[in-house]
Amino acid sequence: MTHLASRSLLLAIALPAAAIFSLDAEAQRVRRAPQTWVQYCQSCHGSTGGNGSASTLLDDAWTVGSGTDDDLFRAIHDGVPDAGMEAFGPALSNAEIRGLVVYIQELRDTHQRGLTPDDNGGSRFSGRKTYTSDHHDFVVEPIYQGLDRLWAMAVLPHGEWLINERDGDIKRARFNANGRLVVHPDPVAGTPEVRHMGQGGLLDIVLDPDYDNNGWIYLSYAEPRPLNANRTKGMTSIARGRVKDGRWVDEQVIWQAKDEHFLPTGQHFGSRIAFGPDGMLYFSIGDRGRMEQAQDLGLPNGKIHRIHPDGRIPEDNPFVNRRNAYPSIWAYGVRNPQGLDFHPTTGLLWESEHGPRGGDEINWIRKGLNYGWPVITYGVNYNGTPITDKTEAPGMEQPALYYVPSPAFIGIDHYTGDRFPNWRNDLFVSSIASGQVRRVRTDSSGKVLEDELLFQDQGGLRDIYDAPDGYLYVLTNAGQVLRIAPAD
C-alpha cells in the first residue's frame, strides 16, 4: 500500500492569515525569482536549496519557525543573525521576497516528492494502485484509454455517459455486460462550434436537476467570432439542448457576452456550471489572460455568474441595477475558476481557483463579494516576477485554503454516494500539474475542517466526477478515465 499523510507536502494554509506584505515603493522594482535566488541566495544555499554551506531548506527542520510562508518571509526580510544570515529587506522589495518564498516552497516540494524540476509524474496513470487515507482505503485504476483532451462528463439516468473532449466532441459511452467501458465511435452530431485554441474549446457539461422531465443538458464552451480576415476571438458562452438519437437538438444559447467583450487570447475561459439549491444556474468565466479586468464589473471575465436556467437574469442578483455592470455577475475578482460545486447539505457554493505560480485557492463564493484577483494573491507570475506584494486588502475576501506551490486545480465535486460512507459530502479536487486528488471537508459556516492529499504525481488530472454508481471518476489530459473504488 501507498500511504500519504493528511498533511500535504504542499503548503496548504487555512485563513484568514496575518497580513505582512504591505505595499511600498520598492515593490515596483521587478526581478525574476530564480534570478534573485542566484544573486542573493545561491552562494550559501546552493542551486537546489540543499547543496550549499548553509542549512538545507528542503526538509522540515527549521532554524527559525516552521517553514510557513510568513516564517520564510520574515527570515529573508529581517535576517537570522544567530545563523549568520543577513537581512535582505533593504535590498529586496516585499514583492521580490514574496517571489522568493514561492520559489523556495517549489524547491522543497520538488525535493520531497523525489522529482526533477521538470517532472510532473508522467502523462498517464499506469496500472492499478492501492492507497490508504484517513477514512478509507481505496484503489485507483484506468478503465479506459483512447480519448483526447477530456474536460468533463455527465451520466444520464439510463446509464449512458456523455464525455466532453476539448476539441468540441461529445463522446457517448456505457459499460457492457462484462463491466468494460465501451465508447461509441461517433461523437454526438450537431454540437456547438467551439474555438479550440489554447485552453479554449468544449468545456463543461451538466444535466438539468429536472432532467427526467425536461431532458435539458447544459454546455459551457469557448464561442468563436471573427476578429479579422485571419483571426478569431472568443469568450465563454452557455447553451442548453437535448441529445436524441446521437444528435444535439433543440439548442438554445442562454448566455453570451457582448461582442465587443470577446477576446483574441487563448487562456482562462473557466468554466464550470453548477445548479444551486435556489434553482439558479451558476457558471464561471476566467479572466481570459487580462488580469486587471477581473475587477471591472462592466466586463464578464474573471467573474462568477448567476442566471435562470432559461437565461433570464434574476432580479436579486447583486449588480442587476448598477449602471454598466453585467447583470449576471454574482461574485468577481477570480482568476481562472475551473471548479464550481454546491455542498449537498449546507448549500454553500465552493470554487477552485487555478492560480498563477503559487496561489491556487479554494473559495467559498458568496453574493456580491470581491475575491481580490489580481490586487491580492499568494502567487507570482510564471516567470517569477511579482504580481503584487499584497496578500490581503480591505473589501477583498481571503481564500478558505491556498496552496504554494500550485497543484494547478481543475475540477471539483462533492461525494454523495454510499461506497465511501466516511467521505460523504466531502469535496474532491483534481489537479493537472501535480496529478493530485485532494479531499476537503467543510462545515456550514464555511470553515475547512480537513484537507487531505489522497495521491499525487499521477499525470495531468483534468476533472473529478461523483457518479451515480457511487464511484469517483477522474478524467485525464492524456485521454484516460480513472476509477476510484473501495480497496475491498
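The values are calculated or read from the model by the stated rules, or taken from the named source; none is laboratory data. Keep in mind the model is a prediction, meaning the values are calculated, not measured. Cβ sites come from the backbone with ideal geometry, for glycine too, and all protein chains shown count toward neighbours. Calculation scope for accessible area: heavy atoms of the full protein, side chains included, ligands and nucleic acids excluded. Shrake-Rupley method; radii C 1.70, N 1.55, O 1.52, S 1.80 Å.
This table checks each residue for (1) more than 14 Å from the chain's Cα centre (by Cα); (2) at pLDDT below 95; (3) of a type outside the set (Asp, Glu).
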{"residue": "386", "(1), (2), (3)": "yes, yes, yes"}
{"residue": "404", "(1), (2), (3)": "no, yes, yes"}
{"residue": "416", "(1), (2), (3)": "yes, no, yes"}
{"residue": "423", "(1), (2), (3)": "yes, no, yes"}
{"residue": "435", "(1), (2), (3)": "no, yes, yes"}
{"residue": "474", "(1), (2), (3)": "yes, no, yes"}
{"residue": "478", "(1), (2), (3)": "yes, yes, yes"}
Exercise. Do you know which of the residues in segment 300-326 that are aliphatic (A, V, I, L, M) and open to solvent by less than 30 Å² (accessible area, probe 1.4 Å) is nearest to residue 198 (Cα to Cα)?
Worked result: 304
Seminar exercise, completed: Residue hits (segment 37-64; surrounded by 13 or more Cβ atoms within 10 Å (Cβ to Cβ), within 32 Å of the chain's Cα centre (by Cα) and modelled with pLDDT of 75 or more) are 37, 41, 48, 49, 56, 57, 58
Exercise. Hey, does segment 123-133 have a residue that's open to solvent by less than 20 Å² (accessible area, probe 1.4 Å), at pLDDT 85 or above, more than 16 Å from residue 405 (Cα to Cα) and outside any loop (DSSP other than H, G, I, E, B)?
Worked result: yes
Problem set entry | Answer from 267, 252 - the residue that is polar (S, T, N, Q), part of a loop (DSSP other than H, G, I, E, B), in contact (Cβ under 8 Å) with a residue 12 or more places away in the chain and open to solvent by 50 Å² or more (accessible area, probe 1.4 Å) | 267
Exercise. Of these, 296, 341, 360, which one is open to solvent by less than 10 Å² (accessible area, probe 1.4 Å) and not aromatic (Phe, Trp, Tyr)?
Worked result: 360
Exercise. From 212, 278, which residue is open to solvent by 10 Å² or more (accessible area, probe 1.4 Å) and within 23 Å of residue 334 (Cα to Cα)?
Worked result: 278
Exercise. Would you pick out the residues in segment 145-158 that are open to solvent by 30 Å² or more (accessible area, probe 1.4 Å) and either under 21 Å from residue 413 (Cα atoms) or among the hydrophobic types (A, V, I, L, M, F, W, C) (or both)?
Worked result: 149, 157
Problem set entry | Residues of segment 245-268 that turn out to be touching a Leu at 6+ places or on another chain (Cβ under 7 Å) and at pLDDT below 95, as a count | 1
For this session: Inspect all residues belonging to segment 291-314 and state whether any of them is within 29 Å of residue 173 (Cα to Cα) and in a strand (DSSP E or B).
Result: no
For this session: Having 3 or more residues that are hydroxyl-bearing (Ser, Thr, Tyr) and open to solvent by 10 Å² or more (accessible area, probe 1.4 Å) is the bar; report the strands (runs of 3 or more DSSP E) wholly within segment 405-488 that clear it.
Result: none
